[in-house]
Amino acid sequence: MSLAELIRLDGKRALVTGGGNGIGKGCALELAGAGADIILNDRPGRLDATDVAEAIRGLGRQCWIVEADVFSREGCESLVESAIEAAGGIDILVSNPAYGKRCDFIEFPPDEFDRVIDATFKSGFHLSRTVARHMIEANIPGSILFISSVQAEMPFARSAPYGAAKAALNHLTQSIAVEMFPHRINVNAIEPGWIDTPNERKEFSEETLAAEGAKLPWGRLGLPSDIGRAAAFLASEAADYITGTILPVDGGFRFKDLQADAVKDIRD
C-alpha cells in the first residue's frame, strides 16, 4: 500500500475537542481533509463550531456538533457518550482542552491554579480513559492524540502551572501508551510551539506576532493547520508503528537561540 493510501482516514470517526477555533479547528479540518468524519466538540454557546462544521461538510465529510464542557469529569463522560451515540463509535480522539493564565508564581490565585490543572491535565485523563474503554470494548485499534505544548519542556516565566500540567500530560501519554499495547491503540502527543490562534491575538497585537514570528527559524509563527497535519499523520496507518511519542511541531522554536550567530553573540 502506498503512503498516499496509508495516510487516508476514510471511514474513521474522529472526536476533536475545542474544535471551534485555533488548534482544535486546524485538527478537525485536516482530519476531515484526509477523509475522517468529525465529531466536533466545543463549549456550550460557542458559535464558531457551526462554521467549522459547515466547512467540514463542504469537504464531503459528516460532522456532528456535540456541546460539552470538558473541564470536568462529568462533562468528559457526557461528551464521549453523546459522541458515540451520534457517530456510532470513535476511532480517533484529539484531546485538546487547555486553560492558561499568565501570572507570577508567588501571586498565582489558588482557584486559577485549580482551573489550569483541571482543564489542561485532568480533562485529558478523563477524556482518554473514557474513550479508551470504548475502543477496548468495541475492539477498535484506535488512536489517542493529546495536544501538549513545548512549555512542557521549557520553563516559561509566569506560566508555571500550565507548563507543569503539560509536562504531566506528556508523562500520561507515555504511561497510557504502555497500557494500551495489548489493544493496539496508539497513544501520542503533539507539542505545538508558538501558534497563531485567536487566543494569541487576544494577548498580542498583529505587529508583535509578526515581529516575533520573524525571529523564529522558519520565519513565521505556526498555523493551526501545521498541528492538524501532524495529527492526521499520527492518526493514520502510516504512523501505525508510532506510539508513546511526543512530537514537537514548532518550526524550531525550542532551539531558536542556539543558532551559530546567536551563540557567537553570547560568547562575544
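Out of the residues in segment 140-156 that are touching a residue at least 40 places away in the same chain (Cβ under 8 Å) and assigned to a loop (DSSP other than H, G, I, E, B), which is surrounded by the fewest Cβ atoms within 10 Å (Cβ to Cβ)?
Pro141
When you check Arg8 against the structure, is it in a loop (DSSP other than H, G, I, E, B), under 30 Å from Tyr241 (Cβ atoms) and of a type outside the set (Asp, Glu), yes or no?
So Arg8 passes the test.
Only one of Ala168, Ala177, Ala189 is outside any loop (DSSP other than H, G, I, E, B), in contact with a Gly (Cβ under 6 Å, 6 or more places away or on another chain) and touching a residue at least 24 places away in the same chain (Cβ under 8 Å); which?
Every option except Ala177 fails the conditions.
Tell me which residues, restricted to segment 210-247, are part of a helix (DSSP H, G or I) and among the aliphatic types (A, V, I, L, M).
Those that are part of a helix (DSSP H, G or I) and among the aliphatic types (A, V, I, L, M): Ala210, Ala211, Ala214, Ile227, Ala230, Ala231, Ala232, Leu234, Ala238, Ala239.
Are there helices (runs of 4 or more DSSP H) fully within segment 27-137 with at least 1 residues that are under 29 Å from Gln151 (Cα atoms) and touching a residue at least 60 places away in the same chain (Cβ under 8 Å)? List them.
73-87, 123-137
Take the residues in segment 37-80 that are modelled with pLDDT of 95 or more and of a type in the set (Lys, Arg); name whichever of them is surrounded by the fewest Cβ atoms within 10 Å (Cβ to Cβ).
Arg57
The values are calculated or read from the model by the stated rules, or taken from the named source; none is laboratory data. Note that the structure is predicted; figures quoted are calculated from it, not measured. Cβ: placed from backbone, ideal geometry, glycine included. Neighbour counts: every protein chain shown.
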